[in-house]
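Chemist: Let me give you the structure first, and then I'll get to my questions.
The values are calculated or read from the model by the stated rules, or taken from the named source; none is laboratory data. A quick note: this is a predicted structure, and the numbers were derived from the prediction, not measured. Cβ placement follows ideal geometry from the backbone for every residue including glycine, while neighbour counts extend to all protein chains displayed. Side chains included, ligands, DNA and RNA excluded: accessible areas come from the protein's heavy atoms. Shrake-Rupley method; radii C 1.70, N 1.55, O 1.52, S 1.80 Å.
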Amino acid sequence: MSLTITSYAASETWKQQFAKVSDEYFDQVYFHYSPTNGTLAGYHQYDTQLENYSHKNIRAEIVILKRYERHFNAIRKMREYAYQVSLEKGPIAGQPGSRGVEFTAVIHPSEKFRVLSIVRQDPALTSEQVEQLEERVKRLDINSTTEVGNPRELPKRLYVYLDPDFDPEFADLEIVLSNIRSQLLTLETIRPWEKNADNYSSTCANGAFTLMERKFAAPDERLRSLIAREKQMPALLAAARRNLNNPPRVFTEIAIEQLPDIVSFFEHDVPTAFADAQDPALKTEFAQTNAAVIEALKSYLNWLKTDMLAKSNGDFRIGAETFSKKLQYDEMVDLPLVKLLEIGWADLRKNQAHFNEVAKELEPEKMPAAVLEELGANHPAPDRLLDAFRATFDGLVSFIRTHHIVTIPSDVRPIVEETPPFMRAITFASMDTPGPFETHATEAYFNVTLPDPAMKPAEVEGYMHSFNVGTVISTAVHEAYPGHYIQFLWLPQAPSRVRKLLGANTDIEGWAHYTEQMMLDEGYGRPGAGAKDERESKFLRLGQLQDALLRNARFIVGIEMHTGKMSFDEAVAFFQKEGYQSKETAMVETKRGASDPTYLYYTLGKLEIMKLREDMKKKQGAAFSLEDFHNNFLRQGFPPIKIVREALLGDDSPAL
């Protein structure tokens, strides 16, 4: 919805440059320093490599990331130059055919512009487009505008144009640049390689798991790759001893908690996965490398317990400035944290009020907390939990198709299984889909974390409250239909390699969380459509709202805890009181928030998608189709919602 670039040759030049340099970035940097992600993506030339967290390698990665940041910035300037040339050749803003407006404005004490008048406007512009440009004036940086008249007190003349038509390649350029800046922020400022002991042991487990989970090659070939990776694992764990420096205690405790399961994983699961390997020499070598990894992991666990734990007095909080930068780079969200907290609290209170209302309908004489306890007690037996999730699929798929919610590109179902051991301490359920370039082993796994066998009966009961009749449905919706799994099924239609490999959690998790509420709003969970009677229907809504409150609590805890306004213990209490969660869930969630500070992206993304849907309804009127909206949303891959908005709406209007 803007000027077309007329300098065709210049435009082609920057696009050609971007195509070349972005491929180099993925092949020589992105996967080189994260080879396990290469395996996950389906690029099996990385199968023998393992992450290297040595100081030398981290410094080398920082250097090359900055080099590519300069490359992509230069390409960005090429594109901007091409656009400026097109403006100079065209009419001035306000003239016919300019697709722009000439404003007079003054600088407000808030250091923002206030529009005084419209001098002239392109007569072809709609009133909505003029309003959009006026809103943009209010958001302009006063130091980066072209004005006529210098004194700050005098009115300024501003020439404002509609953006160029949405350009997928330029959007991809912004995604890659943001990815580089995020990784630099992680390495140089957040520094998990210096703080998080679990990064090292879980990298070992994940490096093995990605080679055994999917049978993308013959057992001997995958075992050969595993041996190569296992040979590098003792060195990786040795690097941890050199790198870890006054880490936060909670990070060290998480590593200690997960390591026994990781050791067991290498002792039992890994050998079993390769039991059908044929080459005797390979099997002998594997026995040696696997034994060495097990010994290194046990030694690492002992060192963490007897040495590092006592030295773990560091701060896990990343601070307000880093938090804001991370949101900008990861999600393209630049709202002030104060404004985000206002949004988060408003949605929390809205969902609490809705929960209390439904609880009162169910049990007029009981307090909402008592109804919540009744909801929590209505759960499957732990040994039937996986079957409970499997049983939801037929009904969900049927509802989606008959109610035209979204197109399901495949009839193949995800495989429900227990969560891998290295993920159990920080997640209840997850979807593990094959990479976009995996061509041989394309099965997807719906992971569910069962209660720890070491739990006491009362602890098991508290844990299972998180898998009540309502949250089982909302989790199945979130992870599978129409959440993550359907998003994965649409990924082959993403417009580029960049969109298949890079994305934003506000899109990935935002979509999945959005579908939880959307499905019930569209009628799923009513008697005869997911619920056996009206009472169960209300319990399903309570389950959806309890999950929404969990994400609301993450939103607020993430900001408050990492900006120093909430302690770890206060966060645990917040999840229980305000998020309506059990103590066991609250502890898991707070641990996760310590190392995943911006896990507000669930609610943030959901709210962005809901606003986008309403804006599309306003634009399309009677022509709006929910199925078309969802299909077009998923066609974009999983970029930040800002980019999806530009693609679907054709403007840069605010996402929230």
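Chemist: P(r) tail for region 574-656, what percent of Cα pairs lie past 19 Å?
Modeler: 50
Chemist: Principal axis lengths of region 589-631 from Cα atoms, whole Å, largest first?
Modeler: Projected onto the principal axes, the Cα atoms of region 589-631 cover 46, 16, 10 Å.
Chemist: Follow-up. What ranking of 114, 181 comes out by heavy-atom accessible area, probe 1.4 Å, highest first?
Modeler: Most to least solvent-accessible, the answer reads 114, 181.
Chemist: Residue 367 accessible area, nearest 10 Å², 1.4 Å probe?
Modeler: 140
Chemist: Once you charge only the Cβ atoms, +1 for Lys and Arg and -1 for Asp and Glu, what is the size of the charge dipole of the chain about its Cα centre, to the nearest 20 debye?
Modeler: Once rounded to the nearest 20, the dipole reads 1580 debye.
Chemist: Probe radius 1.4 Å, ligands and nucleic acids ignored: give me the carbon and sulfur share of the accessible area of region 167-249 as a rounded percent.
Modeler: Carbon with sulfur: 46 percent of the solvent-accessible area.
Chemist: Before anything else, pin down the relative contact order of the chain: Cα pairs under 8 Å, at least 6 apart, normalised by residue count, whole percent.
Modeler: Reported relative contact order: 14 percent.
Chemist: Taking only the alpha-carbon atoms of region 11-110, what semi-axes of the equivalent ellipsoid follow from 5 times the gyration tensor eigenvalues under a square root, in whole Å, largest first?
Modeler: So the three semi-axes of region 11-110 are 43, 18, 12 Å.
Chemist: Moving to a separate point now. So for the chain, taking the charge dipole from beta-carbon charges (+1 Lys/Arg, -1 Asp/Glu), which of 118, 632, 648 sits furthest toward the positive end?
Modeler: About the Cα centre, the residue reaching furthest to the positive side is 118.
Chemist: Now a separate question. Quick one: pull the percent of accessible area on region 430-471 belonging to carbon and sulfur, 1.4 Å probe, ligands and nucleic acids left out.
Modeler: Values: 980 of 1720 Å².
Ligands and nucleic acids excluded, carbon and sulfur give 57 percent.
Chemist: A further question on this structure: Strictly over 20 Å apart at the Cα level, which of 66/339; 195/311; 112/156; 326/350 would you flag in this model?
Modeler: 66/339; 326/350
Chemist: If you don't mind, there's one more thing I want to ask. Among DSSP beta bridges lying fully in the chain, give the percent that are antiparallel, nearest 5.
Modeler: 75
Chemist: To the nearest 10 Å², what's residue 118's accessible area with a 1.4 Å probe?
Modeler: 70
Chemist: Right, here's the next one. Rg over Rh of region 389-528, using C-alpha atoms and the Kirkwood radius, what does it come to?
Modeler: The Rg/Rh ratio comes out at 0.98.
Chemist: Where the eigenvalues come from the Cα gyration tensor of region 617-656, what are the semi-axes √(5λ) of the equivalent ellipsoid, largest first, in whole Å? Kindly include the intermediate steps, with their values, before the conclusion.
Modeler: Numbers: eigenvalues 58, 38, 10 Å².
Semi-axes (√(5λ), whole Å): 17, 14, 7.
Chemist: How compact and how long is region 246-299, expressed as Rg and Dmax of its alpha-carbon atoms in Å?
Modeler: Expressed in Å, the Cα Rg and Dmax of region 246-299 come to 14.4, 46.
Chemist: On to the next question. In 5 Å bins starting at 0, how do the alpha-carbon pair distances of region 194-321 split up by percent?
Modeler: Distribution as computed: 2, 11, 21, 21, 15, 11, 8, 6, 3, 1, 0, 0 percent.
Chemist: Given the whole protein assembly as supplied and a 1.4 Å probe, what does the accessible area of residue 24 come to in Å², nearest 10?
Modeler: Accessible surface of residue 24 is approximately 60 Å².
Chemist: I need two numbers for region 496-587: Rg to one decimal and Dmax as a whole number, Cα atoms only, in Å.
Modeler: 16.8, 48
Chemist: Here's another thing I want to ask about it. If I stretch the segment between residue 649 and residue 370 completely, what's the gain in nm (0.36 nm per residue apart, minus their alpha carbon distance), one decimal?
Modeler: Numbers: separation 279, 0.36 × 279 = 100.44 nm, distance 4.50 nm.
Length gained, residue 649 through residue 370: 95.9 nm.
Chemist: Only four residue types carry charge here, +1 at the Cβ of Lys and Arg and -1 at the Cβ of Asp and Glu. Report the dipole size of region 494-585 about the Cα centre in Debye, rounded to the nearest 20.
Modeler: Rounded to the nearest 20 debye, it is 260 debye.
Chemist: Separate question: May I ask you to list, by number, the DSSP H helices of the chain whose Cα span along the axis is at least 15 Å and whose average Kyte-Doolittle hydropathy reaches 0.0 or more?
Modeler: Correct list, ordered by number: 168-185, 197-212, 249-264, 280-303, 469-479.
Chemist: Could you work out the pair-distance distribution P(r) of the chain from its alpha-carbon pairs, with 10 angstrom bin width and percents rounded to whole numbers?
Modeler: 3, 14, 23, 26, 19, 10, 4, 1, 0
Chemist: Which value, in debye to the nearest 20, gives the size of the charge dipole of region 408-487 about its Cα centre, when Lys and Arg are +1 and Asp and Glu are -1 at the Cβ?
Modeler: Working: 3 positive and 10 negative charges, 29 e Å.
I would put it at about 140 debye.
Chemist: So how far, in whole Å, is the C-alpha centre of region 461-485 from the one of region 537-589?
Modeler: With region 461-485 and region 537-589 each reduced to a Cα centre, they are spaced 16 Å.
Chemist: Given only helices, namely DSSP H runs of n ≥ 4 each adding -39500 (n - 2.57), what is the per-residue ellipticity at 222 nm of the chain, to the nearest 500 deg cm²/dmol? Walk me through the intermediate numbers first.
Modeler: Working: 27 runs with 383 residues, N = 656.
Rounded to the nearest 500, it is -19000 deg cm²/dmol.
Chemist: Which order do peptides 618-626, 342-350 fall in by mean Cβ count within 10 Å, highest first?
Modeler: Going from most to least packed, we get 342-350, 618-626.
Chemist: May I pose another question? For region 324-411, just say rounded, prolate or oblate: build the C-alpha gyration tensor, square-root its eigenvalues into a ≥ b ≥ c, call rounded for a/c under 1.5, and beyond that prolate if a/b exceeds b/c, oblate if not.
Modeler: Details: a/c = 2.05, a/b = 1.15, b/c = 1.77.
Because a/c hits 1.5 or more and a/b fails to exceed b/c, region 324-411 counts as oblate.
Chemist: Report the one residue of 207, 225, 19 whose Cα lies farthest in the direction of the positive end of the charge dipole of the chain (charges on C-beta: Lys and Arg +1, Asp and Glu -1; origin at the Cα centre).
Modeler: Result: 19.
Chemist: Per residue and in Å³, how big is the convex hull formed by the alpha-carbon atoms of region 521-561?
Modeler: Convex hull of Cα atoms, per residue: 54 Å³.
Chemist: Over the chain, average the accessible area per residue using a 1.4 Å probe and give it in Å², no decimals.
Modeler: Normalised by residue count, the accessible surface of the chain is 42 Å².
Chemist: Can I ask one more? Can you sort 55, 513 by solvent-accessible area, 1.4 Å probe, largest first?
Modeler: Order by accessible area, largest first: 55, 513.
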